[in-house]
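These notes concern the structure reproduced below.
The values are calculated or read from the model by the stated rules, or taken from the named source; none is laboratory data. Please read these numbers as outputs of a predicted model, since none were measured by experiment. Don't worry about glycine lacking a Cβ; one is built from the backbone with ideal geometry, like all the others, and counts go over all protein chains shown. When the accessible area is computed, the model is the full protein with side chains, heavy atoms only, and any ligands, DNA or RNA have been set aside. Shrake-Rupley method; radii C 1.70, N 1.55, O 1.52, S 1.80 Å.
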Amino acid sequence: MTRERTGMALGAGDRLLMRTVSQRRGALFLLVGSGLCGTIAVLLLPAALSRGVDAAVAGSPMAAAVWVVLALAVVDIVTEILGEVLRARLVADTGAELRRGLVRHLVALGTRRHPFRPGDALSRLTSDCAEAGGAAVILVGLLTAALSALGALAALALLDWRLAVVFVLSLPPAVLLAGGHLRRTAGHVADYQRISGELAGRLVDAVRGRRTILAAGIAEQETVRVLRPLGALGEAGRGMWRTQSVMVWRAALLLPAVEAAVGVTAGFGVAAGRLTAGELLAALGYVALGMGLVRSAALLTTLASARAGAARLAEVLTTPAPPDLGLPAPAGGGRLEFDRVSVHDDQGEPALRDLTFDVPEGGFLAVVGFSGAGKSAVAAAAGGLLIPDAGEVRIDGVAVSALGPSARRAVVGQAFDRPVLIGDTVGAVVGYGGTEDESRVRSAAVAARIDDAVLRLPEGYRTATADAPFSGGEVQRLGLARALVAEPRVLVLDDATASLDTVTEAEVNRAIVTALPGRTRLVVTHRVAVAAGADRVLWLHQGSRRGLATHETLWRDPAYRAVFAEAPG
């Protein structure tokens, strides 16, 4: 992303922040209120101290002035403590709301083609949400500092208009200093966050493929690839610190210069009899309060980071998600149709090309082909996990993409070669998204031939998932049970039994047919036995249909037989 693109996106990010913060109006109003009370107390404190000093110099009673000072100090302390609590609560709630929205939208995007890789999405979900969540608090801090500066200016004017004039002359350099800092920082901050996301994406890819990397003996080369963005990241970081250092030393010169100018003017006022000694001290206190806005300039860097983070979140949230028409499950027995379906991968290369076929009700279609032929794309499209770029996938005459989530779950059951076990207990893993009924969970596990393994666990189906030492084949059978638990009319199995031995796989297939008779099945496989047991075989090559016939018919072609020779074992 270029800096120009980032700058354009900041408007969307700002609107996102305003919408999110508006949902926390109560906490925001309390924070602003406590900040105003604290600011008023702090502005009154120099005047109270001034009266006390003048009373001491004149030998008058000081008790009343001391009690006023103590009361104002207590108010300042209480409002500061309350402000800290409210700031923490607002940052946490805003960040959580941003994360919820981002997760919902990423899930809605599904597996359709979009530019947000897992590592980049994780970076946005963690650091960007955290930084954007603090934007409202930063703005309140800057607002409080600005009000303190205006109040200090008014107090100086009441003491002596000459003091106010001297102070006002210092404001234009301070404003120019802050504005220039914000402009210079914004681009560096956006670059830093973008490159951090790219680095996270490369790291996640490397972790996921660590076994392949080690097996290929290219750990050093992969390390270089993962760390390649570090140079650009360092340059963006150095740019941030350069602008920060310029701001710091200029502010360090500006503050004492203004204090000295006001102090000298106040000294002449004391000598001329316009001001008292106490008012001289008050003037110096108001200058310190007034210049607090300059001392808060570090918040501008944080604000730039928060806005850049919000812009990155807005990039995701403004990416159109596929429409959810929410249609109910249609009547029928599970007829599956692919009508001129084309799909492109993340690089824009065709994964499926104008694919047309159908599986009748209760039919069994095996999908075979070399690696990269498009088998998993067929399975994903059949289950609604992947929306075709062209054409349509239908079940019983209704587009799968038009079904609501619950309807799609009831119609299609899906199992994968590497299922992820989601759920606190083994029973919750099997019933995930389908049912909590223990009898149905148990029936699905029996059909998937995993029931015996579960019952051997210390607490059976109530065993914590983290405490269940399942093998790869057992994990696959749990995923298969999860697909069966809703008793869908169409089963889509993407190499879901690849880790099972041939005998167990045959038992599982027989159990599925017995438990769910008449179900339509689409099975991606590398095994001859599975293809031979199917009604028909869809033979894919480079995303296109090379053959659609019985296994016996296709077996006559040496190229078809070579597909199975590629498979391990």
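Data for the structure
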quantity: Accessible area per residue in Å² at 1.4 Å probe, computed on the range 444-569; calculated: 45 Å²
quantity: Residue-averaged [θ]222 nm for the chain, counting only DSSP H segments that reach four residues, each worth -39500 (n - 2.57); calculated: -21000 deg cm²/dmol
quantity: Charge sum, other residues only, whose C-beta stays under 10 Å from residue 433's C-beta, Lys/Arg counted +1 and Asp/Glu -1; calculated: +2
quantity: Accessible area per residue, Å², the range 24-177 with all protein chains present, probe 1.4 Å; calculated: 52 Å²
quantity: Inter-label distance for residue 464 and residue 389, nm, one decimal - labels placed 7 Å from Cα along Cα-to-Cβ; calculated: 4.6 nm
quantity: Point-charge dipole on Cβ atoms (K/R +1, D/E -1) for the range 461-520, about Cα centre, debye to 20; calculated: 300 debye
quantity: Separation in nanometres of the label points that stand 7 Å from Cα toward Cβ, at residue 78 and residue 435; calculated: 6.0 nm
quantity: Dipole magnitude of the chain, debye to nearest 20 (Cβ charges: Lys/Arg +1, Asp/Glu -1, about Cα centre); calculated: 860 debye
quantity: Protein accessible area in the chain, 1.4 Å probe - carbon and sulfur %; calculated: 62 percent
quantity: Sites excluded, GluC sites (Glu not before Pro) in DSSP loops with at most 15 other C-beta within 10 Å, longest stretch of the chain; calculated: 1-360
quantity: Sites residue 487 and residue 424 - FRET efficiency at Förster radius 25 Å, r taken between beta-carbons, to 0.05; calculated: 0.60
quantity: Inter-site label distance for residue 56 and residue 161 at 7 Å from Cα along Cβ, in nm; calculated: 3.3 nm
quantity: At least 30 Å along the helix axis (C-alpha) and Kyte average at least -0.5, DSSP helices within the chain; calculated: 25-58, 63-109, 135-159, 161-208, 230-272
quantity: Cβ-based charge dipole, the chain, positive-most Cα from 291, 157, 218; calculated: 157
quantity: Nearest-0.05 FRET efficiency for residue 565 and residue 544, computed from C-beta distance (R0 35 Å); calculated: 0.95
quantity: Euclidean distance of C-alpha centroids, the range 123-150 and the range 352-392, integer Å; calculated: 49 Å
quantity: Which of 342, 359, 280, positive extreme of dipole for the range 261-369 (C-beta unit charges); calculated: 280
quantity: Cβ-derived FRET efficiency at R0 22 Å, residue 67 paired with residue 36, nearest 0.05; calculated: 0.45
quantity: Nearest-20 debye value, the range 80-168 charge dipole, Cβ charges on Lys, Arg, Asp, Glu; calculated: 580 debye
